[in-house]
Amino acid sequence: MAQANKTVETDAAVEDFLARVEPAERQTDGRTVTALMARLSGEAAAMWGPSIIGFGRYHYRYDSGREGDMCRIGFSPRKAELVFYLAGLEDDDLALLGKYRRGKGCLYVKRLAGVDMAVLEALIVRSIAHMDKVYPQ
């Protein structure tokens, strides 16, 4: 039997989670990103696992047989930095963003004040378009 995703949508309240985020700047940034992603995606924010705020959902199935559901876009306001879960982005797309680092499938930003918000918005829109193409609703 294929292993399912351990990160699943929960009934936890997004605002309750954000109220516990530290430091205060990360909490404020988290609220800003939540509002931005909700506006751009047209989806309500939901908790995925204990610390990811996600918007929308899609079902994936890998050739290995592993399958599950995950948010279409999301982020996590961790203590050290904001972690964005955005798909379909190329390095060139990030050139004008500002201060960030990149990991496998993640974009890490220490402070929203350190990035160009118009560029971040464009990256989120690009990721949504990518997900709509690869995983039509």
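Structure data summary
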{"read-out": "For the range 56-62, 3J(HN,Hα) per residue [Karplus equation, 6.51 cos²θ - 1.76 cosθ + 1.60, θ = phi - 60°, Hz, x = Gly/Pro]", "value": "x, 7, 8, 10, 10, 9, 8"}
{"read-out": "Residue (of Phe17, Ile128, Ile73) at the positive-pole extreme of the chain, dipole from beta-carbon charges", "value": "Phe17"}
{"read-out": "Lys, Arg +1 and Asp, Glu -1 on Cβ, resulting dipole of the chain about Cα centre, debye, nearest 20", "value": "320 debye"}
{"read-out": "Computed [θ] at 222 nm, helices only, for the chain once each DSSP H run of length n ≥ 4 contributes -39500 (n - 2.57)", "value": "-10000 deg cm²/dmol"}
{"read-out": "Residues whose placed amide H lies under 5 Å from that of Arg72, excluding near-sequence neighbours", "value": "Phe55, Gly56, Arg57, Tyr58"}
{"read-out": "Which of Arg57, Arg72 has the fewest Cβ neighbours within 10 Å, and the rest in rising order", "value": "Arg57, Arg72"}
{"read-out": "Rounded to whole Hz, the Karplus (6.51, -1.76, 1.60) HN-Hα couplings of the range 80-89, x for glycine and proline", "value": "7, 6, 8, 10, 9, 10, 10, 10, x, 9"}
{"read-out": "Length added when fully stretched, Lys79-Thr32, from 0.36 nm per residue minus Cα-Cα", "value": "15.3 nm"}
{"read-out": "Count of lysine pairs in the chain with Cα separation under 20 Å (8 or more residues apart, or interchain)", "value": "5"}
{"read-out": "Signed unit charges on C-beta, dipole axis of the chain, positive-most listed residue Gln27, Ser41, Gly103", "value": "Gly103"}
{"read-out": "Rough spin-label spacing in nm, given labels placed 7 Å along Cα→Cβ, for Cys106 and Asp93", "value": "1.8 nm"}
{"read-out": "Cβ-based exposure ranking for Val109, Val33, in which fewest neighbours within 10 Å come first", "value": "Val109, Val33"}
{"read-out": "Lys, Arg +1 and Asp, Glu -1 on Cβ, resulting dipole of the range 1-57 about Cα centre, debye, nearest 20", "value": "160 debye"}
{"read-out": "Structure-derived Rg and Dmax of the Cα atoms in Å - corresponding label in (1) 14.8, 60; (2) 14.6, 46; (3) 16.6, 54", "value": "(2)"}
{"read-out": "Backbone N within the range 27-46 under 12 Å of label point (7 Å from Val125 Cα along the Cβ vector)", "value": "40-41"}
{"read-out": "Cleavage-rule hits, GluC sites (Glu not before Pro), the range 45-101, DSSP coil, Cβ neighbours within 10 Å at most 15", "value": "Glu90"}
{"read-out": "³J(HN,Hα), Karplus 6.51/-1.76/1.60, whole Hz, each residue of the range 127-133, x for Gly, Pro", "value": "5, 4, 4, 4, 5, 5, 6"}
{"read-out": "Relative contact order (%) - criterion: Cα under 8 Å, at least six apart; region: the range 26-130", "value": "23 percent"}
{"read-out": "Least to most buried among Val83, Val134 (fewest other Cβ within 10 Å first)", "value": "Val134, Val83"}
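No lab work stands behind these numbers, since they all come straight from the coordinates. Computed from a predicted structure; not experimentally measured. FYI the Cβ positions are ideal-geometry reconstructions off the backbone, even for glycines, and counts take in every protein chain you see.
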